[in-house]
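Scroll down for the structure; my scribbles are underneath it.
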Amino acid sequence: MAHFHFSLYKNNPLLFSSAGVFSFSELSFTVEPKDVAVSHGERVILDCQARGESPIGVRWRKNGVQLHESGRSRVLSNGSLCISSSEQSDEGFYQCLAHNRYGSVLSQRSRLTVSMLLFITHPVPAEVTLGSVARFSCAVSGSAVISWELNQRSLPLDSDRITVLPNGVLQIHDVTMRDAGKYRCLATNMASRVRSQEAELTIIPALGPRPLMKPHIIAGPQNISAGLRQSVVLECLAEGNPRPLVSWSRADSKPIDVSGARVLGNGNLIISAVKAHHSGTYLCRATTPGTRNYSIAPGNLTVLVPPTLVEKPESQTRPRAGTARFGCQAEGTPVPRITWFKNGQVIHSNGRTKMYNNKLVITQIIPEDDAFYQCQAENSQGSVVSTSRLIVVLSEDRPSAPRNIHAETISSSAILLAWERPQYNAYKVIAYSIHYMKSEGLNNEEYQAVIGNDTTNHIVDDLEPARNYTFYIVAYMPMGASRMSEQVTQHTLEDVPLRTPELSLTSRSPTDILVSWQPLPPKLSRGRVSAYRLSYRTATDEQVISVELPVPSENCTQYLLQGLQPDTIYLIRMSVSTRVGWSQPSAWNSHRTPKTSSATGERLRAQSTLIWLITICFVILLPQNDGGFLQRCHRRTKYPRVKYHVKLLAFSANGDGYQAHQTVNTPGCPSAPHRRLAALPSPDHIHATADSSSEVSLSWGCPAFSSGKPVSYSIRYGPLSPSDATAVRYVQTSEQTVTVKGLRPNTRYEFAVRLHMDQMSSPWSASVYHRTLLEAPSSPPRSVRVSLIEEDTALVSWKQPDQPDLSVTHYTVLYASQSSWLAGEWQVLQREGTNTMALLEKLESGNVYLVKISASNQAGDGPFSSTVELRLTSKTHHSHAEKTAGLSHMDEKSMSGIIAGVCIALSCIILCIFILLSKSTTHRKSASSKMIGQVRNDVMRSGASSANQQQAENAEVLLPMMRTHFIDAKGGTNLMINHAGPIMSDAQSKRKQRSIFNNNQKSNGNKSKVSNRDKCF
C-alpha cells in the first residue's frame, strides 16, 4: 500500500479518507471591506475580519502597495482599518490581506471616495422671449440635494410651469415677466451647503402674438452611464407653438419597463433603480398636437454592472510533477478584468505557470506550489474575489530525482546535458523529461523535451546564441513523476551578428558626413558587439575606404567622416563584429555632401556638372580707383551628350568689349562600371490611414541623405490585383504627406511612393496595403413590393440599394396601419443583409398598411425607401368593376364563393328556360321576356349594392390626436404614463355587421365586419 506525506508544513491538519478526499483548514474572510464615500474630515472604518487557524495576521494595501500605519490610520484589533480624519489624499482602492502559516488570501477591493462639495458647472445667463422656455443647469462633485433660488430667495415650485430635476436642471415653461431675475443653485448634504454663481434670466417682450413654430427639442436626453440601482434622468425639454406633446420609446422597439418609470414635468423620463435590461437607446419625440410635425432626440443609457463570477476556481489536490488547472469566468459591464494571486501576490506567466483565457495552469507541480490561489474580477463598479487551495502530495514509492546534472556548451545554439540515474527506484524509470527556459527576463516560455530511459545525456540544440538557460530534469515512472532535479544554468556561445543596424546620414558641413545608428537588440547581435566597420566611397570611384571602430561601450552609436569632397555623392555601408567574427555588410546607403560657398576667380570657366547642368562663371574687374573684382555665375540646364560652344561678351554704354569663348561637352547617363552612380534611396516608413470611405492619408519618411536640392514624390495607387492597368493612378506632391481621394469604399488598395530629385528618380518603395472605410448606404432598397399571401399575412420583398461595393449587415422594415402611422407608431422588423424578404403577420382586415425599408451596416443607417401601401379589403362582395380591375387582391375564399354563386344562378336560369319552353309555344315568348327582365333587374341591383360598398370602403376615417404624455411601449404594453401616473386606454368598440345584399329573395351573400379601434394619442 502506498504511503503519503505532505510537504512544506509541519503538523499540517490534513485528513486522508479511503475515498481519497482531502479536507483542510481554510483561510477566508467573514467580513470584507466595501465601497465608502465620505466628506472631507469624516471618520472612516473599513471592515475586515478573517477566520482560520490561529494566529491570523491582517495587513492592508492601498492601490496594491502595503499601507503603513500612521497618526491618522491604524489597524484595529479585529482587523478593520480606521482613518480618523479623512483627506483627499486618502482616496484610492483598499484591500486587506489575511495570512496564517498555510498562506495568505486577499479581500475584495474597496474604493474610498473623499468628496468636497464643490460646483463643477455653474448656471449661465440666458435671454428668452416672453412665453417661451427657459433652462438652467448646475452640477456638483459628490452627492447632494439640488434646489434653486431666485433673487436670493427660495424658488417656489407651486406652478406646473417650473420643474427641478434631480440632476440639477431647472426648466421653466411659458415664461412670464415675473420669471426674470438672478438664479443660483443650492447644493446641500449632511456635511455642508454651497451656492453656485448667479445667472440672470432676461425676458424679451413679444412684439405680437407668437407665430406658429414647429416642435424643437432644446435639451434632449444625453448619453448616460449609471451604476446598478441608481436613478437616471432622461431630460426632454421641447419648445413650439402650440406647445408640443412629448412621448418616449426605445430604438430597439422593446417595451419600456413602466414599473420603475415616471414622467416628471413636461416630458422628462425618470427611471428609478435601473437594472441591466434598462440599457439601450431612448427616443424623445415632440409632436405638435393635431399635426404630423414632430422632432426626435436620442439618448443612450448604459447600465454599469459590477462583476459576478459565473465560474469559480475549485480547490485541488495534485501529486508532485502533476498539472493543476483553475478556471475563472466573470460577467459585468464593462467587461471585468481577471487577475490571479498566489498567497496575495500577483501571478505572472513564467515557465511552468501559464494564464490563458482567464484560466490558470501550473505544470510540473513542485512543493512550493502548495498555496492559496485567488481569482479577482474587477471593473469600474467593483471587484469580486474567489479563493481556492492547491495541495501538493508526495509519494515515497516514486523515484528520487536525477542526480549530478551537468551542462556543457557545444555551440551558439546547442548545450549538452548529462546526469546520473535516480538513487532510489531507478529501475522503475520509463522516461526523462528535460525542462529549460531563458534565465533572464519575465514571462519566459518553458520548453520540454522527453527522451527514453536508455540514456542519461541529451543535446538541446534549438537555443539562441549568447543566452543563459536554466535546466532541470524529472524522471517518470508509471505511477507518476519524481521531484525535479537541481537546476543548472549554462551560457550559449556567441555568433556573428544576424544583421547590421539601420544607418542615418547627415552632414554638418560640405566636407563631412555624420553616420549614426541604434544598437542591435540581443536577438540580432547574438553576442556582445566588439567593433563596427564603416566602408565608404564616392559614387564614381571604385576605391573603398574602411574604418574600424572598436566598441568601448554600448553608447558608441555614431561616427563623423571628415575630409570629404563637397557636392559629391558618397556610398556608405556597415559591418558588425562579435568575438566570433564579422557579419555580412549592409546594403550601400547614398548621401550627397552640401555645396561649398567659396569660389575662385577666373576670367572664364565653363564646367559641366553631373548630367544636364552647365555652370558658367565670370569675373568683372572694377575700376582702378575701387580695385578688386566681382564674380558672377549662371546655370543652364542642357541635354546630355551634346557639345556646346559658350561665348561671353561684356558691353557698356561706350560699346562692346572683347568676347571670351569655350567649348564644353555634357556627359551622358553613366552606365559603365567606372562611371556608376548610386540610385536615389526609396522613401521609407510609409504609413496609410483611412480617413473615410473614399479617402486615405499617406505619410512617409525622407531617406537619410542631404542634397540641398528640392525633392518631389510620386504616389502610385490602385485596387489590389486590378483587372486592368487603367485602375492604377498617380499623384505628385512635394510634401511628405498626401491625401488620396476618390477611392471606392470598403476596397483594399496598394500604395507605393517614389522620390524625384534633380531629374533622378528612386525605385518604388515597398508597397503598403490599406482598406478604405465602410460607407453607410446612401440610397434606399430598390423595388419594394408588398403582396398579400393570406388573410392576415403579407410578403415584403426588395432589392439591395443601387450602390457599388456596398456591404449591408441588416435591413430594417417599418410598417404600420394608417391610424398607427398618424400617431408615429411603427412596427419594426430586422432582417440580415443576405435576406431580402420579410413576412408581415397578424394584419387586420379593412386597414391600409404603410411599409418602408432601410439598409444598414457598421458605418450607419441608410435612408428609408418610399412608402408602399397595402390595402386589406373587408370580407364583402366586390363589384363587377373591382373584379375586373384587381382580382389579384381578393382572397381565395371570396373568389370561390362568387364563382359558385354565379354558376348556381346560371344553372337555375337555364333550367327555368327549359321548363317554360316545354309547356307551350304560346307562352314561350312572354315567359322568356319576364325571365330576362328579372335577370336584368337583379344585375342592376347587384351593381348598385357593390358600388355603395366600394364607396363605404374608401371613406376616410379621422382619428383623434394624442392629448397627453405617454410611453410608447412599441407593442409591449398598452399602459400609458403621464404626470398623474399610469392610465389605461379605452376598450375597443366594433361596428355592427350589416348585410350587403338586401333582396326579397334569400341568398348566401358574404358578410363582412368593419372594425375601428379607439386609441388614445
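The values are calculated or read from the model by the stated rules, or taken from the named source; none is laboratory data. Here the structure is a predicted model, which is why all the values come from computation and not from measurement. All Cβ positions, glycine included, derive from the backbone under ideal geometry; neighbour counts span all protein chains shown. Protein only, heavy atoms only, side chains kept; ligands, DNA and RNA dropped before computing areas. Shrake-Rupley method; radii C 1.70, N 1.55, O 1.52, S 1.80 Å.
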Output for the stretch 92-130, where each listed residue is in a loop (DSSP other than H, G, I, E, B) and of a type in the set (S, T, N, Q): SER107, GLN108
Output for the stretch 726-759, where each listed residue is of a type outside the set (Gly, Ala, Ser), surrounded by 15 or more Cβ atoms within 10 Å (Cβ to Cβ) and in a strand (DSSP E or B): VAL731, VAL738, VAL740, TYR749, GLU750, PHE751, VAL753, ARG754, LEU755, HIS756, MET757
Within the stretch 184-251, strands (runs of 3 or more DSSP E) holding 1 or more residues that are open to solvent by 70 Å² or more (accessible area, probe 1.4 Å): 193-195, 199-204, 213-219, 224-227
Strands (runs of 3 or more DSSP E) enclosed by the stretch 349-454 - at least 2 residues per element that are in contact (Cβ under 8 Å) with a residue 40 or more places away in the chain: 371-379, 382-395, 403-409, 415-420, 431-438
Only listed residue being open to solvent by 20 Å² or more (accessible area, probe 1.4 Å), in a loop (DSSP other than H, G, I, E, B) and in contact (Cβ under 8 Å) with a residue 24 or more places away in the chain, chosen from LEU795, LEU773: LEU773
Condition check for CYS82: part of a strand (DSSP E or B), surrounded by 14 or more Cβ atoms within 10 Å (Cβ to Cβ) and without any contact (Cβ under 8 Å) to a residue 40 or more places away in the chain: yes
In the stretch 472-484, the residues that are hydroxyl-bearing (Ser, Thr, Tyr) and under 49 Å from the mean Cα position of the chain (by Cα): TYR472
Meets criteria (part of a loop (DSSP other than H, G, I, E, B) and touching a Phe, Trp or Tyr at 6+ places or on another chain (Cβ under 9 Å)) for GLU486: yes
Pick from the stretch 97-136, criterion farther than 25 Å from LEU76 by Cα and under 32 Å from the mean Cα position of the chain (by Cα), ranking: least open to solvent (accessible area, probe 1.4 Å): THR121
Identity of the residue in the stretch 455-470, over 16 Å from SER413 (Cβ atoms) and part of a strand (DSSP E or B), that ends up least open to solvent (accessible area, probe 1.4 Å): THR470
Output for the stretch 833-848, where each listed residue is in contact with a Phe, Trp or Tyr (Cβ under 6 Å, 6 or more places away or on another chain) and open to solvent by 10 Å² or more (accessible area, probe 1.4 Å): THR836
Set LEU150, LEU170, LEU157: member being open to solvent by less than 20 Å² (accessible area, probe 1.4 Å) and aliphatic (A, V, I, L, M): LEU170
Residue ID - farthest from ILE569 (Cα to Cα), chosen from residues in the stretch 700-716 that are out of contact with any Lys or Arg (no Cβ under 6 Å at 6 or more places or on another chain) and modelled with pLDDT of 85 or more: ARG716
The stretch 138-147, subset in contact (Cβ under 8 Å) with a residue 40 or more places away in the chain and in a strand (DSSP E or B), residue most open to solvent (accessible area, probe 1.4 Å): VAL145
Residue count for the stretch 52-79, restricted to those that are part of a loop (DSSP other than H, G, I, E, B) and either open to solvent by 40 Å² or more (accessible area, probe 1.4 Å) or in contact (Cβ under 8 Å) with a residue 60 or more places away in the chain (or both): 15
Residues satisfying the stated conditions in the stretch 277-327, i.e. within 30 Å of SER249 (Cβ to Cβ), open to solvent by 50 Å² or more (accessible area, probe 1.4 Å) and among the charged types (D, E, K, R): ARG292
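Among GLY267, GLY260, which is the only one that is without any contact (Cβ under 8 Å) to a residue 24 or more places away in the chain and surrounded by 15 or more Cβ atoms within 10 Å (Cβ to Cβ)?
GLY260
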Matching entry among SER546, SER590 (being assigned to a strand (DSSP E or B), modelled with pLDDT of 85 or more and open to solvent by 50 Å² or more (accessible area, probe 1.4 Å)): SER546
Considering residues of the stretch 803-832 that are modelled with pLDDT of 85 or more and not in a strand (DSSP E or B) only, the residue least open to solvent (accessible area, probe 1.4 Å): VAL808
Number of positions in the stretch 510-525 that are polar (S, T, N, Q), surrounded by 14 or more Cβ atoms within 10 Å (Cβ to Cβ) and assigned to a loop (DSSP other than H, G, I, E, B): 1
Residue in the stretch 471-479 that is crowded, with 18+ Cβ neighbours inside 10 Å, modelled with pLDDT under 85 and touching a strand residue (DSSP E or B) at 6+ places or on another chain (Cβ under 9 Å) present: yes
